[in-house]
Amino acid sequence: MLIINKMMFFFSPIIRVNQKKNEYFYKLINYSDNKKKFCVQMGYKNSEQEEKKKLESEKIFFQGPPSISELLIPTISILTVIGIIPFIATLSRQFWVRYTITNRRISVDSGFQGKNRVEIVYRDIKKVSHLTRLGGLTADVVIILKDNARLELRSLPNWKENKEFIQANSSNKSEEK
């Protein structure tokens, strides 16, 4: 649907093109082939680029259980009778907890057979911090949301790469502890 503004037509050779509801972009009559380029130069929204960004598929960056290195100390403590309980608790975390980090969200599946699920999107992240364990082999990554709720990713494997990926997608600063 072309809408030609007559007053605008007298002063400059511009046609107004109605794309969708209230989204417009302008093009010069002489440069009708370069409308996308001209749209970007003028600073108006290009609806095709926004649709591609929205339709981009979700890609998994990391998916897996907590680090196997968290079993090290409970396995050694199994020699004592008291160490059996922490070993069983840590072993059950290996089977029942799954972290999934994608380009759109972070989800944690936990509980018996993974029935509990927590999902957060990157725009809700306020701050990302970490606490290293076992000499930097693993870390607990703490994500603080805008409503001051906390999500702990305990014993996250490849924690440096995962934390950098989360920070890059959330566009917020982090603190080291």
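The values are calculated or read from the model by the stated rules, or taken from the named source; none is laboratory data. No experiment lies behind these values; they were computed from the predicted model shown. With ideal geometry, Cβ positions are generated from the backbone for all residues, glycine too; neighbour counts draw on all protein chains shown.
Observations on the structure shown:
- Among residues of the range 133-145 that are in contact (Cβ under 8 Å) with a residue 24 or more places away in the chain and over 26 Å from Glu119 (Cα atoms), those with a beta-carbon under 9 Å from a residue that is charged (D, E, K, R) and assigned to a helix (DSSP H, G or I) at least six positions away or on a different chain give the pairs Leu134/Glu70.
- Residue check, Pro66 at pLDDT 85 or above, assigned by TED's automatic domain parsing to the domain that holds Val142, surrounded by 12 or more Cβ atoms within 10 Å (Cβ to Cβ) and over 30 Å from Lys126 (Cβ atoms): no
- Residue, surrounded by the fewest Cβ atoms within 10 Å (Cβ to Cβ), within the range 110-129, restricted to residues that are in contact with a helix residue (DSSP H, G or I) (Cβ under 8 Å, 6 or more places away or on another chain) and not hydrophobic (A, V, I, L, M, F, W, C): Gln113
Listed here are the residues, each with its yes/no results for (1) in a loop (DSSP other than H, G, I, E, B); (2) in contact with a helix residue (DSSP H, G or I) (Cβ under 9 Å, 6 or more places away or on another chain); (3) touching a residue at least 60 places away in the same chain (Cβ under 8 Å).
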| residue | (1), (2), (3) |
| --- | --- |
| Thr75 | no, yes, no |
| Ile106 | no, yes, yes |
| Leu131 | no, no, no |
| Asn148 | yes, no, no |
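- Among (1) closer than 23 Å to Leu71 by Cα; (2) not in a strand (DSSP E or B) - the single one Ser155 does not satisfy: (2)
- Count - residues of the range 101-124 that are in contact with a strand residue (DSSP E or B) (Cβ under 6 Å, 6 or more places away or on another chain) and under 17 Å from Arg150 (Cα atoms): 14
- Among the residues listed as Ser107, Ser129, Ser170, the single one being at pLDDT below 90, touching a Lys or Arg at 6+ places or on another chain (Cβ under 8 Å), among the hydroxyl-bearing types (Ser, Thr, Tyr) and farther than 28 Å from Ile76 by Cβ: Ser170
- Within the range 77-104, considering residues that are over 19 Å from the mean Cα position of the chain (by Cα) and not in a helix (DSSP H, G or I), the one modelled with the lowest pLDDT: Val81
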